[in-house]
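> Next up is a structure, given as structure tokens.
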Amino acid sequence: MRHRIAVVGGGPAGLTFARVLHRHDHPVTVLERDPAPDARPPGGTLDLHVKLGQLALDKAGLLAEFQALSRPEGQAMRILDTDGTVLRDWQPRPDDRANPEIDRGQLRDLLLGPLDVQWGRGVTEVVPGTRDGVLVRFADGRQETFDLVVGADGAWSRVRPAVSSATPHYTGVTLVETSLDDVDTRHPDLARLIGDGSVAVYGVNRALVAQRNSGGHVKVYAQFRAPLDGHTNLDRRAGLDVADVETDVEADVETVRSRLLALFDGWAAPVLDLLRHGTAFVHRPLHVLPVSHTWTHVPGVTLLGDAAHLMPPLGAGANLAMLEGAELAESVAAARGPEDLDEAVRAFEEQMWARAGRWAKITTAGLERLVSPDPTEAIALFDEVQPS
Ligand SMILES: Cc1cc2nc3c(=O)[nH]c(=O)nc-3n(C[C@H](O)[C@H](O)[C@H](O)COP(=O)(O)OP(=O)(O)OC[C@H]3O[C@@H](n4cnc5c(N)ncnc54)[C@H](O)[C@@H]3O)c2cc1C
């Protein structure tokens, strides 16, 4: 039985869902708001866990390609004190493939493969229960109907209101992201500081993390506690609404740099060099959905990934999104008729809620400890989760 399936969003969740359906020869319409794959910078590196993201890639038949592209050495993690003293220096064993890193752009291209994504198709609304199925309205005024619409459209999902009234709230932590290019040739001292993976420095209610991507590119994340209004006080334009929050705000580079340097004043010079040499700055006030977000099942519509369970970015979100995409696709491909399809979606939702709820609790507690009044909490957390 061929169901009319649409997935809204071509991020890790939507593309994994579509790619696994494709593997099962089931047609799927992928609707993505971005006009092209490279319309936005893809973002930093992702670590994919054996039992989550890597399992999803296995279900998509892409595990071997992932292993060829990914960087197991990127699992290395160094922690410094704010004065630059090395507190922890963890290196993975050569055969350690537990959480290798991959650039988001590489992952996206791997998942895209043969998929025929409809780019530039922003969805504005989803209306379940019409005579012909679930109605999808687009920003250009067009509309289409499907048997199942899967909302994989991220934090500010336009599909979510069809099943839930929940909206993301601010965690109290803001992240400002900057980048360094050609770090090995242009900033060899910083390249050594960062090593093959990440370096993290934890202070009182703030942290600085630098993470190596492929090709000598480094992402630096300054994290700090601040109120949402004026959290940045950097280049906040008046009258930001949800749509603006959704699109990260780029601020004036030198203003942001000097305010960040003031915020991290007194930290070791090599650590502050990560900010001094950063190029553009992007604000990401961290929002989350309520822990254990669930909804009353609505036939014909479901959610995956951040749209369903936006949580603090502690290495789980993309992993969960991908595994959910793969699992839902397998269930949908096996469903024989409309009732079977609905039952498969219900069962999937129960499984997703239970697992995502556990991770939401872990990552929420983790964020409290990583950006904490007591920086030793961050080290203690590292010691608890890192194999010795
Ligand atoms: C700094 C940072 C670091 C992180 N590191 C990790 C990590 O190491 N490991 C990990 O597992 N997770 C990590 N995460 C979390 C991870 O990025 C997300 O959980 C993951 O991207 C969620 O995937 P998704 O497909 O659900 O949503 P998204 O990645 O947000 O994709 C949603 C897609 O939907 C599209 N879209 C949005 N609205 C519409 C619309 N109306 N119509 C059509 N299309 C639409 C968007 O353009 C986008 O392509 C990190 C997050 C951050 C912020």
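The values are calculated or read from the model by the stated rules, or taken from the named source; none is laboratory data. Since the structure is predicted, the reported quantities are computational estimates derived from the model, not experimental observations. Note that each Cβ is placed from the backbone with ideal geometry, even for glycine, and that neighbours are counted across all protein chains shown. When the accessible area is computed, the model is the full protein with side chains, heavy atoms only, and any ligands, DNA or RNA have been set aside. Shrake-Rupley method; radii C 1.70, N 1.55, O 1.52, S 1.80 Å.
> For the subset of region 166-201 comprising residues that are within 22 Å of the chain's Cα centre (by Cα) and hydroxyl-bearing (Ser, Thr, Tyr), which member is most open to solvent (accessible area, probe 1.4 Å)?
Thr167
> Okay, moving on. Report, by residue number, each residue of region 15-38 that is on the phi < 0 side of the Ramachandran plot, in a loop (DSSP other than H, G, I, E, B) and out of contact with any Gly (no Cβ under 9 Å at 6 or more places or on another chain).
Passing the criteria: His24, His26, Pro27, Val28.
> Next up: Sort through Ala321, Ala356, Ala360 and tell me the only one that's open to solvent by less than 30 Å² (accessible area, probe 1.4 Å), under 20 Å from Ile5 (Cβ atoms) and either touching an Asp or Glu at 6+ places or on another chain (Cβ under 8 Å) or modelled with pLDDT of 95 or more (or both).
Ala321
> Kindly list, by first and then second residue, each pair from a residue in region 91-119 that is more than 18 Å from Gly53 (Cβ to Cβ) to a residue that is more than 12 Å from the ligand (Cβ to nearest atom) and aliphatic (A, V, I, L, M), limited to pairs with Cβ atoms under 6 Å and residues at least 6 apart or on different chains.
Qualifying pairs under 6 Å: Gln91/Ala76.
> Moving to a separate point now. Since Leu57 meets every condition but one in (1) touching a strand residue (DSSP E or B) at 6+ places or on another chain (Cβ under 6 Å); (2) farther than 19 Å from Ser214 by Cα, which condition does it not meet?
It is condition (1) that Leu57 fails.
> Against the definition (among the charged types (D, E, K, R) and near the ligand (Cβ under 9 Å from one of its atoms)), how does Glu343 come out, yes or no?
Answer is no for this residue.
> What are the residues in region 284-318 that are touching a helix residue (DSSP H, G or I) at 6+ places or on another chain (Cβ under 6 Å), open to solvent by 10 Å² or more (accessible area, probe 1.4 Å) and on the phi > 0 side of the Ramachandran plot, if any?
The one that is touching a helix residue (DSSP H, G or I) at 6+ places or on another chain (Cβ under 6 Å), open to solvent by 10 Å² or more (accessible area, probe 1.4 Å) and on the phi > 0 side of the Ramachandran plot: Ser292.
> Only one residue in Leu381, Leu367 is under 17 Å from the mean Cα position of the chain (by Cα) and surrounded by 13 or more Cβ atoms within 10 Å (Cβ to Cβ). Which one?
Of the residues listed, the single one that is under 17 Å from the mean Cα position of the chain (by Cα) and surrounded by 13 or more Cβ atoms within 10 Å (Cβ to Cβ) is Leu367.
> Name the pairs: first residue in region 128-143 and in contact (Cβ under 8 Å) with a residue 40 or more places away in the chain, second residue open to solvent by 70 Å² or more (accessible area, probe 1.4 Å), Cβ to Cβ under 8 Å, at least 6 apart or on different chains?
Pro128/Pro299; Gly129/Pro299; Gly133/Arg4; Val136/Glu125; Val136/Gln143; Ala139/Arg33
> Look through region 1-49, keep the residues that are away from the ligand (no atom under 11 Å from the Cβ) and at pLDDT below 95, and return whichever of them is least open to solvent (accessible area, probe 1.4 Å).
Across region 1-49, the extreme among qualifying residues is His3.
> Can you tell me which residue among Gly300, Gly317, Gly305 is over 23 Å from Lys361 (Cβ atoms) and of a type in the set (Gly, Ala, Ser)?
Just a single option satisfies the conditions, and that option is Gly300.
> When you scan region 324-333, how many residues do you find that are surrounded by fewer than 24 Cβ atoms within 10 Å (Cβ to Cβ) and either without any contact (Cβ under 8 Å) to a residue 24 or more places away in the chain or of a type in the set (D, E, K, R) (or both)?
Matching residues across region 324-333 total 3.
> Next question, about the same structure. Looking at (1) modelled with pLDDT of 95 or more; (2) crowded, with 22+ Cβ neighbours inside 10 Å, find the lone condition where Phe264 falls short.
So Phe264 meets the others, but not (2).
> Please indicate, with yes or no, whether at least one residue in region 53-71 is closer than 25 Å to Leu190 by Cβ and in contact with a Gly (Cβ under 9 Å, 6 or more places away or on another chain).
Yes, the conditions are met somewhere in region 53-71.
> Output the residue which, of all residues in region 143-158 that are part of a strand (DSSP E or B) and closer than 30 Å to Pro312 by Cβ, is nearest to the ligand (Cβ to nearest atom).
Looking at residues that are part of a strand (DSSP E or B) and closer than 30 Å to Pro312 by Cβ, I get Gly151.
> Anything in region 33-86 that is touching a helix residue (DSSP H, G or I) at 6+ places or on another chain (Cβ under 7 Å), over 18 Å from Asp196 (Cα atoms) and aliphatic (A, V, I, L, M)? List them, or say none.
Of everything in region 33-86, those that are touching a helix residue (DSSP H, G or I) at 6+ places or on another chain (Cβ under 7 Å), over 18 Å from Asp196 (Cα atoms) and aliphatic (A, V, I, L, M) turn out to be Leu52, Leu55, Ala56, Leu57, Ala60, Leu62, Leu63.
> Taking Arg225, is it more than 15 Å from the ligand (Cβ to nearest atom), among the basic types (Lys, Arg), touching a Lys or Arg at 6+ places or on another chain (Cβ under 8 Å) and under 25 Å from Trp267 (Cβ atoms)?
In short, yes.
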